[in-house]
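Below is one structure, written out as structure tokens; the observations come after it.
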Amino acid sequence: MIRLLLAGACLLAGFAAHAHKPSDSYLAFRVAGGEVTGQWDIALRDLDFVLGLDTNGDGAITWGELRSRHDAVAAYALSRLSVHSGAALCPLRVTDHLVDHHSDGTYAVLKLAARCPDAPQILSLDYRLLFDVDPQHKGLLRLERGERTLTGIFSPEQPRQNFNLASAGRLATFLDYGGHGVWHIWIGFDHVLFLLALLLPAVLMRGPGGWVGAQRFRPAFWEVLKVVTAFTVAHSLTLTLAALEWVQIPSRLAESLIAASVVLAALNNLFPVFREGRWVVAFGFGLLHGFGFASVLSDLGLPKGALLLALVGFNLGVEIGQLAIVAAFLPLAYGLRNSGLYKIGVFRLGSLAIALLALIWLAERVFNWKIISP
Amino acid sequence: MTLRCLWIAPLLWLLLSAGAWGKPFVPPSDGTILEQLPNRPTDPAARETRRLRDLWQKHPEDLTVAVQLARHYYQQALGEGDPRPVGYAQATLARWWGLPEPPGEVLLLRAFLGQYRHDFGGALADLDKLLRREPDHPEAQSLRAAIHLVQARYDEAAADCRGLGVRGAPLMAQACSLTVAALTGQARPSYRALAGALATRPEASKEQKLWILTRLGEIAQRLGEERLAENHYRQALALGIRDVFLLAAYADLLLDQGRAAETASLLKDGRRADVLLLRLALAEQALSRPQAAESRDALAARFHEARLRGDALHQQEEARFTLYLLGQPLAALRLAEANWRVQREPRDARILLEAALAARQPAAAQPVLDWLSRWGNEEPRLRQLAEQLGKLPR
């Protein structure tokens, strides 16, 4: 009877009869240092098949029925997944039970946590959920560390997979962090404005009746070079010290002082205190800005195996970004230095605008307000 | 830092975060129903599953028991439309599954499960092997005919149908041959012969009648005989067997005639099946119903999640979805082209022509145009689409 039916059924309904996709589970992990946290979404239909969740036999799974089996669900799930950092086991535990809807039904959501003995370079996952009863099952993984996201698909053919968290290669790390450095200087308006405030007077000279344009390019160029170099040396120094965790100051304090440094640098153009030796100012405040860069770097997370490489890459990126700004600024400013537009519009009003903007930042950072920041 | 560095936003991250992960929650009360199972543990079907499963667990090495349970799971997958039991069937046969020369029963089931996943190449290899061992094996013959039909390998399909005549049910062998003939330039005579064959066999099983009536409906529909087609679909529905293919074919007829309200009521219980949800969403859109957006989002999530696991089983549906519900002709064309590489039924041809027309890329439709002329296709609708494409500048 079955033979005949099957022959009929095959011609009848052999194709594309899927109501929906086969069984999948969704695994999401986030790695920060040695801490691994995440969640695991497993279809209730699958858990019902292996554990029998419909305890009262009415053809429906209720929250009460699932809740009464939470221990069994956790024990089953944890027996099918292990996380290793290199060769060391990172013991997993279930911290919470929730549910969620996916496109093909309701899923149990297990919140997971694991602690590895060290920050994993290579995270190994061994995934064996349901493979013994449903070889079509797949585990879909999303693994996040810092701003990097890795994905993986577990199947009976590939139950164990390694994820390299130490970044792809040394060159890739270097370029990666270099890119972050360039980008950060471009979007880090406080650093750019600080630098500009110090550079605006570089193409001018103090004459008897006020500011006049510099007579020759060379001294202006040297002035810019001195300021930029001093700023660079200073912030590289503190960036390195902070990134290696030798010196640390609270980030809100650093951010507030950075804003204050911008205010002072801009005001110095309007009411000069430091007439000469702006490079000293650049150096002194540059030390503060280094702490600001360091906090970006700690948000990104430094790769353990390639710490120095990443640090140098990031720093070089910052310098390249900075040089690009200077290269655009200097010829333009030098060309316009004798015009009223520059002396009044750019130098005076520009400095005033920078000072006002930085003052708002200062207020925001000191009092934790939100005035203009997103 | 108030401004965070988000300069790396890999496409995958976006894709992954878009649909697969919602916001987990704690249900409001213990009584909240989270999931409706296809049947209760006390239903006869569930009892039968349990009986076979218990038997198999006691005798996992017994091939007959394992094959019986695997077939039971396969039938269950077809009936419920949930692919999970297909995986259970594979697990049941795990002992023999990976063998290069497994027993004939396992070869056959491996082929069935392979075609279910659209692994046509693997399924055909298993069937060839089995048919070398046992020529004229009726199930192997009929499955190979079905795969060849979907791949538009009509000469091979016709040979399989002849083979089916040796040991298979004569009515089904005849129906098989006529179905192939209807696709190769003899639609009208095949239609008449098939209708006649059915009329002379009142003793045929309900499943056989369902299959033949659905084919008759499709042939009539392709010939533009919409009234005849509707009659056949209604007769098939009256058999009382719930069948996704029949519902999909009838819904397409109704949608073509602009009868969106009737489509929606025909498919009101069909949300679980992608194939039916697509038609339902098209009808809801035509009626400007508020549920249209919800259905569209549900379909988008299903296609997205299927792609995450690396499946592309419903590209025909996804192409229609992308063209008519998302309004993205180019993306739809890419999907329709990919679909055509795997399956080449008239429906697959139609969506490729429609997408190529909407995207104004007549060259992309060339494979279908070749197929049309090679096999003497007689469908007015496809010919009309081809003509419209011919007027576009190349």
Residues of segment B:1-22 being more than 7 Å from every other protein chain (Cβ to nearest Cβ) and either at pLDDT 75 or above or not in a loop (DSSP other than H, G, I, E, B) (or both), which ones? B:11, B:14, B:15, B:17, B:18, B:19
Filtered residue count, segment B:131-166, keeping only those that are buried (at least 18 other Cβ atoms within 10 Å of the Cβ) and at positive phi: 1
Residue, surrounded by the fewest Cβ atoms within 10 Å (Cβ to Cβ), within segment B:86-130, restricted to residues that are in contact with a helix residue (DSSP H, G or I) (Cβ under 8 Å, 6 or more places away or on another chain), in a loop (DSSP other than H, G, I, E, B) and without any contact (Cβ under 8 Å) to a residue 40 or more places away in the chain: B:101
The helices (runs of 4 or more DSSP H) lying wholly within segment B:329-388 that contain at least 1 residues that are of a type in the set (Gly, Ala, Ser) and without any contact (Cβ under 8 Å) to a residue 24 or more places away in the chain are B:329-342, B:366-374
Could you check segment A:172-188 and list, in sequence order, the residues that are facing chain B (nearest Cβ under 9 Å) and either among the hydroxyl-bearing types (Ser, Thr, Tyr) or without any contact (Cβ under 8 Å) to a residue 24 or more places away in the chain (or both)? A:187
Residue check for residue B:312: within 13 Å of chain A (Cβ to nearest Cβ), out of contact with any strand residue (DSSP E or B) (no Cβ under 6 Å at 6 or more places or on another chain), over 26 Å from residue B:259 (Cβ atoms) and not basic (Lys, Arg): yes
Is there a residue in segment A:261-276 that is farther than 30 Å from residue A:212 by Cβ, among the β-branched types (Val, Ile, Thr) and in the same structural domain as residue A:287 (by TED's automatic domain parsing)? no
Do you know which of the residues in segment B:340-394 that are of a type in the set (Lys, Arg) and within 28 Å of residue B:119 (Cα to Cα) is surrounded by the fewest Cβ atoms within 10 Å (Cβ to Cβ)? B:341
Residue that is under 30 Å from residue A:30 (Cα atoms), assigned to a helix (DSSP H, G or I) and of a type outside the set (Asp, Glu), where the choices are A:256, A:295: A:295
Residue ID - surrounded by the fewest Cβ atoms within 10 Å (Cβ to Cβ), chosen from residues in segment B:196-236 that are part of a loop (DSSP other than H, G, I, E, B) and among the small types (Gly, Ala, Ser): B:224
Residue A:308 being surrounded by fewer than 14 Cβ atoms within 10 Å (Cβ to Cβ), in the same structural domain as residue A:217 (by TED's automatic domain parsing), within 19 Å of residue A:195 (Cα to Cα) and at pLDDT below 90: no
So which strands (runs of 3 or more DSSP E) stay within segment A:76-121 end to end and still have 1 or more residues that are at positive phi? A:105-115
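The values are calculated or read from the model by the stated rules, or taken from the named source; none is laboratory data. Because the structure is a prediction, the values reported are computed rather than measured. All Cβ positions, even for glycine, are placed from backbone atoms using ideal geometry, and neighbour counts span all protein chains on display.
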